[in-house]
Every structure is written in structure tokens, then in C-alpha cells.
Amino acid sequence: MEPLDRSTIWPYDEHGEPGEFYYSRYGSPTVAEAESRLGELDGGTALLYPSGSGATTALALALLQPGDTIALAAGCYYGTGVTFEALGRWGLGHVEFDQTGPPPDGVQLVWLEAPSNPFLTMPDLEAAAAHPAPVVVDATAATPVHLRPLEHGADFVLHSATKYLAGHDDALLGVVVCRDSTRADELRAFRSRTGLVAAADPAWLLLRGLKTLELRVRRQTATATAIAERLAAQPQVRTVRYPGLGGLLSFDVADGEAARRVETSTRLIVNATSLGGVTSVMESRRRWEGERVPAGLLRLSVGLEEPEALWDDLAQALANA
């Protein structure tokens, strides 16, 4: 493994001048190594943040000003909209749009999600790239294994690195990858001034997770594909959403009570939030997102357990729906 450097300061050189690292708010060796690897994966310049929401906040504040509007993909991760609502106090607006088509006119930033969470729609990247505003793609669920948005005209890629990139439910991080190095320099300066910096320990855990990223995601994709097909044939399941890539899917049972019975009946699949880890987790999303999602919607993040064991657990839980 790469060395873990927890230092917050480093000595100046023999001439009394700061070197590459001198104070950790501006950069540190372990974080820089993680950023280098992330940049290679997505084909740009990466900046690490203490969480995915921190990355979202930093990107919006650094790029926009009061009176600007974000075109936000409808049905995307609800926390992104919650963040933008909070930033409304500073004059930032947002409107939702169907990301399977072109973004609306008159906005200063286009925010896509590939795929959206928990509705699993994929954006029209070509239509978004033709828009005059900068384009951000939250590719947390796709990962660079399945999609590199900068190659499709996006200006920024965002990941909640807590999820698939770190992959073990033990590191809270976010990352923004920039196509333009000048924009990356601007974001780095803003990050240093505001203190939205990542610590060395989670960055080191992220480096560990990246070593197995493709192996994990390929396995999770294969398992999720098989489970989505089987779910579609179950009489208790009304709708299955799966974009054909990654380990995230969602499905609907009859109502909220049925969803609660299913999520609390699994024995192998953990009833918990989040996604992208080696352990399969499932939950009803109505508890967090309210009426923006169907009452019976369950979100399943497939881990690395044996596919047949996962299916057997789901099947017995669905019997309680």
C-alpha cells in the first residue's frame, strides 16, 4: 500500500521556501496520490473532498453566483436537491428536468446523474454537451468502469467516493474530476480557502479500494443483472428499474407496508442505507425521500455475496410482501 501521511505541516526547504506540501489544507501526499489515481480513471484532473455532498456544495459555490440557476436531473439523488434548496438562501436556484432529453434554456449549470438514484434513468449526454452551460455528471453509480463522462462532452464528473470507489463502507469522501485543468486550479483555490479538504486516512482507504474497483464492479454488475431479471418475473414485484450496468437497482412492491416487510425480512442482505459496498444493502426509500418516490420502492445495492445466496434471501423476503 501507498504510505499514509497524517502530517498537517511539512518543513520548508533549506532556503526557507515551502515545497510541494507545507500545510494540509493546501495539499498532502496521501490525498495527492488518491487524486492522481482518480484523475487517471476518469481522464481529467481530480480534487478530493470530505464527502460527496461536500463536493456538490463546493462545485456549486465555486462555479455559480447569486441569481444563477441549475438544471437538475429529475429523480436524481434526493440529497443533491436538498443541498441546492439550502443554497437558495444565497440566491441560487434550480429547476428539475427530464435528463433523457435536452436541458432547458436559461440555466448556468446542467447537473446530470448517470444513472439517477433511485430511478436509474440514464442522461442524454450528447444533448447536454450541446448546451452552452457547463455540464456536471454525477457518475457515482456508473463508476469509471462503465462510464467516463468527460469523453462524452461533460465538463465535470462527480462521485460520492464513499460508494463504489472506496467500496468497503468505511471511508467518507467525494471527488470532482475536471476536464479543464484551469477550472481545476480554480476549484483547488476555492477548496483551500473554504477548508473543504479531505483527510489522509479516508484517502488512504480509498487508494486501497481503487485497487479492486473493476473486479468488484464487474462482479456486482453481473449479479445485479441476474437479480433484475428474476425480480421482473416475481408476482409480488410491480416495477423493476435497472440500467444494465453497475450494482444498483430498485423495484416496487405493492405499498409501503409490503416494502417494510420485505426490507426487514432479509437475512443476508443488510437493511441499511448507502450503496456501492462489498456487502449487499436494501432499504425502502420512502422513509428518506417522502412522496417523490413510490411508497413500495425498495433500493438494492448488490455486493459481492454469492448470487444464488442473494436471490434465495430476496425470494424468501418477497414471500412476506
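The values are calculated or read from the model by the stated rules, or taken from the named source; none is laboratory data. What you are looking at is a predicted structure, and each value in this text was computed from that prediction instead of being measured. Note: ideal-geometry Cβ built from the backbone for every residue, glycine included; neighbour counts use all protein chains shown. Surface accessibility is based on the protein's heavy atoms, side chains included, excluding ligands, DNA and RNA. Shrake-Rupley method; radii C 1.70, N 1.55, O 1.52, S 1.80 Å.
Quick notes on this structure:
- Only listed residue being more than 25 Å from ALA127 (Cα to Cα), among the charged types (D, E, K, R), open to solvent by 30 Å² or more (accessible area, probe 1.4 Å) and assigned to a loop (DSSP other than H, G, I, E, B), chosen from ARG37, ARG25: ARG25
- Qualifying positions in the stretch 263-321 - in contact with a strand residue (DSSP E or B) (Cβ under 7 Å, 6 or more places away or on another chain), under 26 Å from VAL82 (Cβ atoms) and of a type in the set (A, V, I, L, M, F, W, C): VAL270, ALA272, LEU275, VAL281, MET282, LEU297, LEU298, LEU300
- Of the strands (runs of 3 or more DSSP E) lying entirely inside the stretch 168-261, the ones with 2 or more residues being more than 18 Å from the chain's Cα centre (by Cα) are found at 239-241, 248-252.
- Against the numbered list (1) under 22 Å from ARG287 (Cβ atoms); (2) open to solvent by 10 Å² or more (accessible area, probe 1.4 Å), PHE84 comes up short only at (2).
- Pairs where the first residue, in the stretch 191-211, is in contact (Cβ under 8 Å) with a residue 24 or more places away in the chain and under 24 Å from ALA60 (Cα atoms) and the second is among the aromatic types (Phe, Trp, Tyr) and open to solvent by 40 Å² or more (accessible area, probe 1.4 Å), C-beta under 7 Å, 6+ apart: SER192/TYR26
- If only residues of the stretch 122-151 that are among the small types (Gly, Ala, Ser) and touching a Pro at 6+ places or on another chain (Cβ under 8 Å) are counted, the one that is most open to solvent (accessible area, probe 1.4 Å) is ALA130.
- Residues of the stretch 102-121 classified as over 17 Å from ALA224 (Cα atoms) and open to solvent by 20 Å² or more (accessible area, probe 1.4 Å), total: 5
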